[in-house]
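Each remark here refers to the structure printed beneath this line.
None of the figures in this text is laboratory data; all of them are computed from the coordinates on show. Remember, it's a predicted structure, so these values are computed and weren't measured experimentally. Neighbour counts run over all protein chains shown; Cβ positions are idealised from the backbone, glycine included.
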Amino acid sequence: MGLECKKNGTVFLFYLSGELDHHSCIPIREELDKVICHYHVKRVIFDFSAVSFMDSAGIGLLLGRYREIAKFGGKCVILCESEKIKKILQMGSVQLVMPIVETKQEAYEKLGGTENGTI
Amino acid sequence: MEQYDNTMLIRFPAKSENEGLARVAVTAFAAPLDPTVSELTDMKTAVSEAVTNAIVHGYAKGTGDVEVFCQRKEETIYIMVSDKGCGISDITQAMEPLYTSKPEQERAGLGFTIMETFMDSLEVESKVGEGTCVKMAKKLSKLR
């Protein structure tokens, strides 16, 4: 399981990769919380394009980070094409607080900007 | 005694790194039936939830082993995940969607719901102080 963080203007991109379960969520949660707290992250794209497997631990991870980001009035979007992962996220009602989109362009639009000229 | 085409028993200590091991083992066990990617993901997800439950809840206080027992008969895969942990006092409540005894650990409370959704059948047997056994089955499609 991997995590890569990038910044594009005011948007933070969190690229997750590999298998996301209870075990792999532990170090990822720590790393994300450090970045979110340090930069007061307000606009986030969680990119699931390279996630090969996810169970319900992913729901906890996302909703927990959302709560942190929402404290600063932030917004999150999930970029995910996998039908299985989307189904699991929807079972956890994640889409009620974070839109789930299939393209980067849509993700930036949901955050109120574009990929080349972010907010 | 019912004859199975194949069986597999793996036992490992309740360490979270073994969640991945259990998924890989079940995937390999089902492979001769040539399941679809979707069927494999369903089984992997259900096993992951059951094993995580055993580790996080069954052995919340203390340590022990988790067993994953798989059987195959024709197109059906039977999976049993058991622990000798603390057991569940109220199975009905534990199986309610969104119920979790560990919200502070960011558990979504969807483990059993996911097992039920992704498998064809789910049975949970548990005794407080003795442990929990989760039995699941999935019939794989013949059309591939």
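Values for this structure:
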| item | result |
| --- | --- |
| Distance between the range A:26-79 and the range A:4-22 - C-alpha centres, whole angstrom | 8 Å |
| 20 °C / 1.002 mPa s Stokes-Einstein diffusion coefficient of the range B:43-105, Kirkwood radius on C-alpha pairs, µm²/s | 164 µm²/s |
| Where a label projected 7 Å from the Cα of A:LYS34 along Cα→Cβ would reach, residues of the range A:61-79 with amide N under 19 Å | A:61-62, A:65-66, A:68-69 |
| Three-way shape call for the range B:79-134 based on the alpha-carbon gyration tensor, with the a/c threshold at 1.5 | oblate |
| Inter-label distance for A:GLU83 and B:GLN105, nm, one decimal - labels placed 7 Å from Cα along Cα-to-Cβ | 3.3 nm |
| Rounded to the nearest 20 debye, dipole of the protein assembly as shown from Cβ charges on Lys, Arg, Asp, Glu | 700 debye |
| Selection of trypsin sites (Lys or Arg not before Pro), the range B:8-77, meeting DSSP coil and at most 11 other Cβ within 10 Å | B:LYS61 |
| Test item: A:50-58 mean partner chain Cβ contacts at 10 Å | 6 |
| B:LYS142 versus B:LEU21: modelled label distance in nm, points set 7 Å from Cα along the beta carbon direction | 3.8 nm |
| Label point 7 Å beyond Cα of B:VAL37 along Cβ direction - residues of the range A:1-34 with amide nitrogen under 20 Å | A:1-2, A:16-21 |
| Cα centroid separation - the range B:96-140 against the range B:44-60, whole Å | 8 Å |
| Mean Cβ neighbour count within 10 Å, used as a protection proxy, ranking A:26-35, A:77-86 highest first | A:77-86, A:26-35 |
| Calculated FRET value between A:LYS71 and B:THR7, using beta carbons and R₀ = 45 Å, to 0.05 | 0.30 |
| Amide proton proximity set for A:ASN8, modelled H, under 5 Å, gap of 5+ | A:LEU13 |
| Most to least packed among B:26-37, B:128-139 [average Cβ atoms within 10 Å] | B:128-139, B:26-37 |
| Beta bridge orientation in chain A: antiparallel %, DSSP, nearest 5 | 30 percent |
| Sequence-distant lysines (8 or more away, or on other chains) whose Cα lies within less than 23 Å of A:LYS110 | A:LYS6, A:LYS7, A:LYS42, A:LYS71, A:LYS75, A:LYS84, A:LYS86, A:LYS87 |
| Mean Cα-pair separation over length for the range A:2-110, i.e. relative contact order, pairs under 8 Å, 6 or more apart, % | 25 percent |
| Prolate/oblate/rounded label for the range A:2-110 (Cα gyration tensor, a/c 1.5) | rounded |
